[in-house]
Amino acid sequence: MADNASVPRPHHRPTTKAVIPAAGLGTRFLPATKAVPKELLPVVDKPALQYIVEEATTAGITDVLLVTSRGKTSMVDHFDRRPDLEALLEAKGDQRRLDAIRHPSELAAIHSSRQDEPKGLGHAVLCAAAHVGDEAFAVMLGDDLIDERDPLLAEMLSVQAERGGIVLGLIEVPREHINRYGSVAIEPVDAPETPLFTTVKITEMVEKPSPDEAPSNLAIIGRYILPPEIFDAIRKTEPGAGGEIQLTDAMARLASEGTAVHGVVFRGRRYDTGDRGDYLKAVVQIACDRADLGPEFRQWLVDFVRSELDASVVPGSDGGSE
Ligand code: UTP
């Protein structure tokens, strides 16, 4: 990658747009996702997508583009008003639920764009080109939920405002899991470190490497800040792994042309909802943390786990679980 001398000047306009690619097929959740978009599966009592839009607006994003596809337009409906339901709840005097259904429509200006075929994440991002125009923008994937108390996106936006170029969200993962992610090689930078965040310079990116070939155990998660030049880079990118146009390949191309790439290593609370097992864990973690549901649910969970452990103890043994 090029050195800092050829790095484009940072974009000084504040980043106000986020793109949420949500046109994938959601095959890991079939049959649930045959007619219901994966992004609308509830995490406790809110669709995963609402958490993402809330995270965006908390970080100062005011304009959100959902990249959708056939059968997934209900995602846009979730952020629309429901005057019939509002009138009913108003007549009943149910203010709590009234607020809950109005809230999504008040978060941001929601737009949508369609991806005609699932040709990959890079191609989905390209579907946002006309809407984004000549500005840096955030890309947020619905499989990663970031706890609102640990504001990763705001940190990434401030790194981008200062340094320009591309900024990626990173986490450390066990090396044997790195083949599920994009992996990066890094160098330290002179920036303050906090318990939650470390800013690093990225010198190499590889999509889904084998554990022995990965440049590190730092994985790219579903948060990116990208400059508008990414669109041309995607247009020039040939289909890669799985016949899809990979965003990582387009970012690597931009980097090779001199764009600075930084990462924010995140050590905060993140919930993965990408597959069934991780989704179940996310629901339990978030439910335990909720002020309204948590105390009772936690107690139930403790009792449930105890009874499971008791049931697995063979009478007369020393506690083995055969
Ligand atoms: P994933 O591959 O994780 O999501 O893509 P998926 O395809 O929906 O789910 P599975 O793997 O079949 O279970 C990461 C993100 O990129 C979007 C997806 O919607 C998801 O949010 N995506 C992926 C697109 O929008 N278009 C694509 O062509 C591919």
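Do we find that T203 is in contact with a Lys or Arg (Cβ under 7 Å, 6 or more places away or on another chain), open to solvent by less than 70 Å² (accessible area, probe 1.4 Å) and more than 20 Å from L153 (Cβ to Cβ) in this structure?
On the way: in contact with a Lys or Arg (Cβ under 7 Å, 6 or more places away or on another chain): no; open to solvent by less than 70 Å² (accessible area, probe 1.4 Å): yes; more than 20 Å from L153 (Cβ to Cβ): yes.
In short, no.
Away from the ligand (no atom under 14 Å from the Cβ), of a type outside the set (D, E, K, R) and touching a strand residue (DSSP E or B) at 6+ places or on another chain (Cβ under 7 Å) - does that describe any residue in segment 79-99? Show your work before the answer.
Taking segment 79-99 first, the residues away from the ligand (no atom under 14 Å from the Cβ) are 79-99.
Cutting the leftovers down to of a type outside the set (D, E, K, R) gives us 79, 83, 85, 87-89, 91, 93, 95, 98.
With the extra rule that they be touching a strand residue (DSSP E or B) at 6+ places or on another chain (Cβ under 7 Å), the set shrinks to 79.
Looking for residues that are away from the ligand (no atom under 14 Å from the Cβ), of a type outside the set (D, E, K, R) and touching a strand residue (DSSP E or B) at 6+ places or on another chain (Cβ under 7 Å), one finds at least one in segment 79-99, hence yes.
Scan segment 65-76 and give yes if some residue there is more than 16 Å from the ligand (Cβ to nearest atom), closer than 30 Å to L254 by Cα, of a type outside the set (V, I, T) and surrounded by fewer than 22 Cβ atoms within 10 Å (Cβ to Cβ), otherwise no. Steps first, answer last, please.
Narrowing segment 65-76 to residues more than 16 Å from the ligand (Cβ to nearest atom): none.
Within segment 65-76, none of the residues are more than 16 Å from the ligand (Cβ to nearest atom), closer than 30 Å to L254 by Cα, of a type outside the set (V, I, T) and surrounded by fewer than 22 Cβ atoms within 10 Å (Cβ to Cβ).
So how many residues does segment 241-252 have that are surrounded by fewer than 23 Cβ atoms within 10 Å (Cβ to Cβ) and at pLDDT 95 or above?
Result for segment 241-252: 0.
Under 8 Å by Cβ, and 6 or more places apart or on different chains, what pairs join a residue from segment 99-114 that is on the phi < 0 side of the Ramachandran plot with one that is of a type in the set (S, T, N, Q) and open to solvent by 50 Å² or more (accessible area, probe 1.4 Å)?
Correct list of pairs: A108/T62; A109/T62; S112/T73.
Give segment 20-64 a look and list any residue that's small (G, A, S) and more than 8 Å from the ligand (Cβ to nearest atom), or say none. Break it down stepwise before answering.
Start the filter on segment 20-64 by keeping residues that are small (G, A, S), which leaves 22-24, 26, 32, 35, 48, 56, 59-60.
Those that are small (G, A, S) and more than 8 Å from the ligand (Cβ to nearest atom): A32, A35, A48, A56, A59, G60.
Any idea which of (1) touching a helix residue (DSSP H, G or I) at 6+ places or on another chain (Cβ under 9 Å); (2) surrounded by 14 or more Cβ atoms within 10 Å (Cβ to Cβ) is the one E238 doesn't satisfy?
Of the numbered conditions (1) touching a helix residue (DSSP H, G or I) at 6+ places or on another chain (Cβ under 9 Å); (2) surrounded by 14 or more Cβ atoms within 10 Å (Cβ to Cβ), the odd one out for E238 is (2).
Going by the structure shown, is V261 more than 16 Å from the chain's Cα centre (by Cα), open to solvent by 10 Å² or more (accessible area, probe 1.4 Å), modelled with pLDDT of 95 or more and hydrophobic (A, V, I, L, M, F, W, C)?
On the way: more than 16 Å from the chain's Cα centre (by Cα): yes; open to solvent by 10 Å² or more (accessible area, probe 1.4 Å): no; modelled with pLDDT of 95 or more: yes; hydrophobic (A, V, I, L, M, F, W, C): yes.
No: the conditions fail for V261.
With a cut-off of at least 3 residues that are within 17 Å of the chain's Cα centre (by Cα) and among the hydrophobic types (A, V, I, L, M, F, W, C), name the strands (runs of 3 or more DSSP E) lying wholly within segment 136-213.
Working: elements: 137-140, 144-146, 166-172, 182-188, 197-207.
Counting at least 3 such residues, we get 137-140, 166-172.
Could you say which residue among A282, A287 is within 29 Å of E193 (Cα to Cα), part of a helix (DSSP H, G or I) and either among the polar types (S, T, N, Q) or touching a residue at least 60 places away in the same chain (Cβ under 8 Å) (or both)? Quick ask: steps written out before the conclusion?
On the way: A287 fails: within 29 Å of E193 (Cα to Cα).
The unique qualifying residue is A282.
Go through segment 206-235 and give me each residue that's away from the ligand (no atom under 16 Å from the Cβ), within 18 Å of V139 (Cβ to Cβ) and open to solvent by less than 20 Å² (accessible area, probe 1.4 Å). Give the steps one after another, and end with the answer.
Keep residues of segment 206-235 that are away from the ligand (no atom under 16 Å from the Cβ), which gives 206, 209-218, 225, 227-229, 232-233.
Filter once more, keeping what is within 18 Å of V139 (Cβ to Cβ): 225, 227-229, 232-233.
I225, P227, P228, A233 - these are the residues of segment 206-235 that are away from the ligand (no atom under 16 Å from the Cβ), within 18 Å of V139 (Cβ to Cβ) and open to solvent by less than 20 Å² (accessible area, probe 1.4 Å).
Kindly provide the set of residues from segment 116-149 that are in contact with a Gly (Cβ under 9 Å, 6 or more places away or on another chain) and either closer than 21 Å to A260 by Cβ or surrounded by 18 or more Cβ atoms within 10 Å (Cβ to Cβ) (or both), ordered by number.
Of the residues in segment 116-149, the ones in contact with a Gly (Cβ under 9 Å, 6 or more places away or on another chain) are 118-122, 124, 136, 139-144, 146-147, 149.
Passing the criteria: G120, L121, G122, A124, A136, V139, M140, L141, G142, D143, D144, I146.
Scan segment 224-252 residue by residue and report those that are in a loop (DSSP other than H, G, I, E, B) and in contact (Cβ under 8 Å) with a residue 24 or more places away in the chain.
At the first step, the residues of segment 224-252 found to be in a loop (DSSP other than H, G, I, E, B) are 227-229, 236-240, 244-246.
If the condition is that a residue be in a loop (DSSP other than H, G, I, E, B) and in contact (Cβ under 8 Å) with a residue 24 or more places away in the chain, then P227, P228, E229, T237, P239, G240, E244, I245, Q246 are the ones that fit.
The values are calculated or read from the model by the stated rules, or taken from the named source; none is laboratory data. The model shown is predicted, which means the values in this text are computed figures rather than measured ones. Positions of Cβ are backbone-derived with ideal geometry, glycine not excepted, and every protein chain shown enters the neighbour counts. In case anyone asks, the SASA skips ligands and DNA or RNA and just uses the protein heavy atoms, side chains included. Shrake-Rupley method; radii C 1.70, N 1.55, O 1.52, S 1.80 Å.
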